[in-house]
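Before any comments, here is the structure.
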Amino acid sequence: MDPAPGNHLQAVKIELNRLETYRRRTYLGVLALTVAIMMLSWAFREQGDPFITIAYPVFSVILTILGFAFWRRSLQLRTMEITLVAMVGTMILSRLAWHFAVGDPLGEHLLLLTGGHYWAVGIMIVGGFIALGFRGGMVTGVATLLFSGALTAQEVSQCFLAASDHCQNWVYLLRIHLFLTVLLVLTSAGTLLRERSWSAFARAETLHHWANTDPLCGLANRRGADRFLSAEAAQADRYQRPLTIILIDIDEFKSINDDYGHEVGDTVIREFAAILSKTVREVDLAARWGGDEFLVATPGVDLRSARHAAQRCRRAIERAPIAGVSVTATIGIAEYLPGQGIEDAISRADAMLYRAKAAGRNRVITEACELT
């Protein structure tokens with residue numbers, strides 16, 4: 001069953017906050033794992049490797065500080081993502097450049113290069129798309145491939161100029177770069193498909209929200225209320241649980257518009273809706289039924305409990321002026337009868353509302369005819 005349309009934006013905000021928390025925890029885990037790998041590499045390093053000896057502890061300290069700032073939420077999520085990709089990318093590519101500069105990438109160190117460094121380059125390409133999305137991932141991935149390709153091209157050209165015996169091994173590096181290119185293409189295609197799917201889903205959700213929400217006050221409109229009521233009536237029929245319909249009318253609203261203007265009238269509608277939202281439960285529906293009339297549906301609540309809730313709402317509205325205008329409300333309540341249809345309950349609640357108006361307004365009346 002769809003949530004009450006009036007609660008849709010709040011549900012979206014909660015889900016977005018939950019997603020951000022998940023992403024933050026994921027990045028903190030990646031940072032911790034990266035630091036652990038670097039420190040293990042540093043602890044078991046070969047003698048005579050100044051890059052690991054010096055650079056790994058420096059990068060570990062920087063990433064630890066970055067993780068602490070992120071944990072304290074001193075950095076925005078997007079800033080953290082960009083910084084994380086930049087730092088890890090710098091470390092991976094500088095290590096790759098160091099290997100080409102001091103090693104023998106086409107000779108005895110070829111296995112170390114292909115098995116120990118290019119897997120990190122592949123992770124860098126995939127991680128760029130995960131953290132930065134399609135556009136940022138493409139920039140990161142293409143730049144990474146170009147940088148690695150330039151290092152390889154320079155090494156191969158120097159090898160041929162020197163007529164080395166290991167020049168034929170350039171084929172292995174070509175295969176690796178072809179693999180990395182395929183990885184870039186597949187990851188970019190998957191990321192683009194994901195982003196477009198989410199975009200289409202978000203548009204559909206937005207259209208659904210605005211189709212079922214009153215633009216003035218943000219509560220459900222009549223269309224949204226009808227969807228909610230139909231679903232709840234079906235639940236009441238199936239499980240024989242109570243469902244109460246409350247109709248609320250702003251007293252003398254036409255006079256408010258005539259005396260103070262439509263701008264004040266709109267403010268009264270918005271503030272009235274805000275008070276109504278605060279006095280109902282999250283599982284209830286609060287809707288603008290039409291003009292100055294509102295509807296509240298309370299699943300699982302019987303007539304007596306609904307009357308107490310309606311009285312709280314009426315007192316809250318009466319307690320303080322809205323936009324400088326004293327506002328009161330008249331309320332009629334009816335309980336849904338299983339099998340009779342939701343329109344029957346609304347019609348009976350409307351009859352109670354008109355009875356309350358005839359009795360002098362600013363009161364609550366139920367089908368039991370209790371005038372309060």
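Overview of values
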quantity	calculated
Sequence-distant residues sharing a close amide H with ALA220 (under 5 Å, placed H)	GLY6, ASP214, ALA286, ARG288
Heavy-atom accessible area order for LYS254, LYS13, LYS357, LYS278, largest first, 1.4 Å probe	LYS278, LYS254, LYS13, LYS357
Gyration tensor (alpha-carbon) shape descriptor, the range 198-350, a/c threshold 1.5	oblate
Dipole of the range 282-362, positive end: most advanced residue of VAL325, ALA306, TYR354 [Cβ charges, Cα centre]	VAL325
Whole-number percent relative contact order across the range 285-372, with pairs defined as alpha carbons under 8 Å at least 6 apart	24 percent
Sequence-separation-based contact order of the chain, relative, with Cα cut under 8 Å and 6+ spacing, percent	14 percent
Apportionment of accessible area to carbon and sulfur, the chain, percent (1.4 Å)	60 percent
Solvent-accessible surface (1.4 angstrom probe) belonging to THR144, in square angstrom, nearest 10	0 Å²
Folded to 0 to 90 degrees: helix 170-211 orientation relative to the chain principal axis, Cα	10 degrees
Proximal aspartates and glutamates to LYS278, defined as alpha-carbon separation beneath 15 angstrom and excluding residues fewer than eight positions away on the same chain	GLU318
Sequence of VAL156, VAL58 when ordered by accessible area, the most exposed leading, probe 1.4 angstrom	VAL58, VAL156
Anchor LYS254: aspartates and glutamates whose Cα lies under 15 Å away (excluding residues fewer than 8 positions away in-chain)	GLU263, ASP266, ASP292, GLU293
Degrees separating the helix 8-43 axis from the principal Cα axis of the chain, which is the longest one	20 degrees
Å² of accessible area per residue within the chain, as computed with a 1.4 Å probe and no ligands counted	55 Å²
The chain: angle of helix 56-71 to the longest principal axis, Cα-based, in degrees nearest 10	0 degrees
Length-normalised contact order for the range 237-313 - Cα pairs under 8 Å, 6+ apart - percent	45 percent
MET87 accessible area, assembled protein chains, probe 1.4 Å, Å²	40 Å²
Answer label for percent of Cα pairs over 28 Å apart (calculated), chosen among [x] 45; [y] 49; [z] 62	[z]
Rounded to the nearest 10 Å², the accessible area of TRP170 at probe 1.4 Å	100 Å²
Reach of LYS357 by Cα under 12 Å, taken over aspartates and glutamates that are not fewer than 8 positions away in the same chain	ASP249, ASP251, GLU252
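The values are calculated or read from the model by the stated rules, or taken from the named source; none is laboratory data. Please read all numbers here as calculations on a predicted model, not as lab measurements. When we count neighbours, we look across all protein chains shown, and the Cβ atoms used for this are built from the backbone with ideal geometry, even at glycine. Heads up: the accessible areas ignore ligands, DNA and RNA and are worked out on the full protein's heavy atoms, side chains in. Shrake-Rupley method; radii C 1.70, N 1.55, O 1.52, S 1.80 Å.
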